[in-house]
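One structure is given here, and the rest of the page talks about it.
The values are calculated or read from the model by the stated rules, or taken from the named source; none is laboratory data. None of these values were measured; they are calculated from a predicted model. Using ideal geometry, Cβ is built from the backbone for each residue, glycine included, and neighbour counts are taken over all protein chains shown.
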């Protein structure tokens with residue numbers, strides 16, 4: 001009877017495992033990476049090719065200024081966000097190692113000694129020296145999916161570090177070129193300030209001689225003070241920008257050596273490549289897909305919770321006590337246990353966890369799609385700004401040349417008495433505004449190159 005009972009239990013256990021195994025194929029599915037991207041991701045107006053990609057260029061070939069290269073190298077060495085990203089990799093690596101070691105059996109040594117006495121009799125001493133082992137059979141993929149999730153998160157941490165690196169390089173470059181732009185604008189404003197100072201002095205001398213009125217002189221002085229205010233504002237902006245640079249370099253604020261805006265040369269070949277290259281070049285796109293992959297395996301884990309878990313355990317060692325029998329000297333004893341745990345009723349927790357996992361996976365999918373769209377828009381924006389700035393460069397140069405001629409002519413006419421200082425004032429102020437706009441346009445052109453480089457996954 002007992003034999004039949006054990007046989008029946010074994011058959012039922014085998015049937016349960018077999019049925020669950022055949023019905024659990026869904027928990028072994030493997031994530032399929034994205035392989036296609038819309039050809040119009042950059043916009044219909046942008047022509048693409050599969051030849052080269054500006055984002056694959058080494059950052060030292062893009063930013064050739066030696067002062068800038070030194071600053072970028074210092075930032076990559078000292079920036080706290082970049083160092084923190086490296087620590088994230090180490091954490092993810094440790095988690096991955098733990099998920100791999102979960103497949104191995106666990107061992108523990110648990111010695112135990114007991115001294116006991118009954119009714120004031122002589123105390124007896126017993127001991128056990130067992131080595132215990134436990135091993136979970138991953139028949140239904142719980143640990144496998146956990147390992148796959150850890151692998152995805154580890155890869156994501158590497159992508160995140162690259163994203164931080166790319167952002168850091170772009171931020172240092174933008175800050176550096178901002179300093180160059182402010183330096184150029186400050187030099188122009190100081191030159192104008194000196195010119196206005198001389199003009200105001202000459203006008204006041206003419207007024208004292210009765211050849212000019214006080215109203216015109218007061219207007220010139222007001223403009224002169226306005227230019228002085230602009231000079232102070234520019235100096236303040238330079239100081240703030242240097243402070244921003246110091247934060248990127250993880251150091252205290254200081255004055256940074258730098259070149260001149262007019263000497264800067266940026267790459268002319270800004271090929272964007274085919275949109276599908278976004279999947280391998282952009283670290284934020286890769287990171288978003290890693291999040292989707294991790295969510296996929298979390299869903300698989302949630303499915304595996306519906307299936308039984310099988311754990312093999314055992315112990316082996318020496319003891320001088322076996323039940324009620326006192327054995328002396330010690331004898332070797334060993335036990336082995338197989339345990340199957342089948343979830344039957346858990347108040348719907350597994351169902352809820354599966355629904356949550358599916359919803360999170362769908363969110364990750366939407367986030368991945370949006371990340372791709374954002375990347376395409378960034379490329380389009382950067383190219384559009386670059387092309388616009390290139391077209392405006394010629395126009396600004398023509399405008400400045402015309403205004404310089406106008407200022408010279410107006411000044412000569414004033415010397416011959418055919419015009420007044422108000423016209424000279426207007427001509428000089430208009431020229432200054434055009435020169436400042438020209439410098440700003442050059443900076444925007446450089447900034448658009450940096451943005452395009454980052455948008456294409458540059459910074460490796």
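When 229, 252 are checked against the criterion of being over 30 Å from residue 134 (Cα atoms), free of Cβ contacts under 8 Å to residues at least 24 places away in the same chain and out of contact with any helix residue (DSSP H, G or I) (no Cβ under 7 Å at 6 or more places or on another chain), 229 stands alone in meeting it. Among residues of segment 161-181 that are more than 22 Å from residue 259 (Cα to Cα), none has a beta-carbon under 6 Å from a residue that is modelled with pLDDT of 95 or more at least six positions away or on a different chain.
For (1) surrounded by fewer than 21 Cβ atoms within 10 Å (Cβ to Cβ); (2) over 30 Å from residue 455 (Cα atoms); (3) without any contact (Cβ under 8 Å) to a residue 12 or more places away in the chain; (4) out of contact with any helix residue (DSSP H, G or I) (no Cβ under 9 Å at 6 or more places or on another chain), each residue gets a yes or a no:
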| residue | (1), (2), (3), (4) |
| --- | --- |
| 183 | yes, no, no, no |
| 194 | yes, yes, yes, yes |
| 201 | yes, yes, yes, yes |
| 219 | yes, yes, no, no |
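Hey, any hits in segment 250-260 for a residue that's in a helix (DSSP H, G or I) and either surrounded by 14 or more Cβ atoms within 10 Å (Cβ to Cβ) or modelled with pLDDT under 95 (or both)?
So the first thing to find is which residues in segment 250-260 are in a helix (DSSP H, G or I), and the list is none.
No; the residues of segment 250-260 include none that is in a helix (DSSP H, G or I) and either surrounded by 14 or more Cβ atoms within 10 Å (Cβ to Cβ) or modelled with pLDDT under 95 (or both).
A single entry from 235, 265 fulfils the requirement of being assigned to a helix (DSSP H, G or I) and loosely packed, with under 15 Cβ neighbours inside 10 Å: 235.
The one condition from (1) at pLDDT 90 or above; (2) in contact with a helix residue (DSSP H, G or I) (Cβ under 9 Å, 6 or more places away or on another chain) that residue 381 does not meet is (1).
For segment 388-398, a tally of residues being surrounded by 14 or more Cβ atoms within 10 Å (Cβ to Cβ) and without any contact (Cβ under 8 Å) to a residue 40 or more places away in the chain returns 1.
Just to be sure before I move on: is residue 417 at pLDDT below 90 and crowded, with 21+ Cβ neighbours inside 10 Å in the structure I sent? So residue 417 does not fit the description; no.
If you go through segment 232-246 and keep only what is farther than 23 Å from residue 200 by Cα and touching a helix residue (DSSP H, G or I) at 6+ places or on another chain (Cβ under 9 Å), you end up with 235, 237, 238, 241, 242, 244, 245. Of all residues in segment 271-313, how many are closer than 30 Å to residue 66 by Cβ and either free of Cβ contacts under 8 Å to residues at least 24 places away in the same chain or more than 23 Å from the chain's Cα centre (by Cα) (or both)? Count: 1. Only one entry of 224, 212 meets the criterion of being closer than 27 Å to residue 424 by Cα, at pLDDT below 95, in contact with a helix residue (DSSP H, G or I) (Cβ under 7 Å, 6 or more places away or on another chain) and not in a helix (DSSP H, G or I), and that entry is 212.
Quick one: would you say residue 241 is more than 26 Å from residue 431 (Cβ to Cβ) and either modelled with pLDDT of 90 or more or surrounded by fewer than 17 Cβ atoms within 10 Å (Cβ to Cβ) (or both)? Don't jump to the end; show me each part of the working.
On the way: more than 26 Å from residue 431 (Cβ to Cβ): no; either modelled with pLDDT of 90 or more or surrounded by fewer than 17 Cβ atoms within 10 Å (Cβ to Cβ) (or both): yes.
No.
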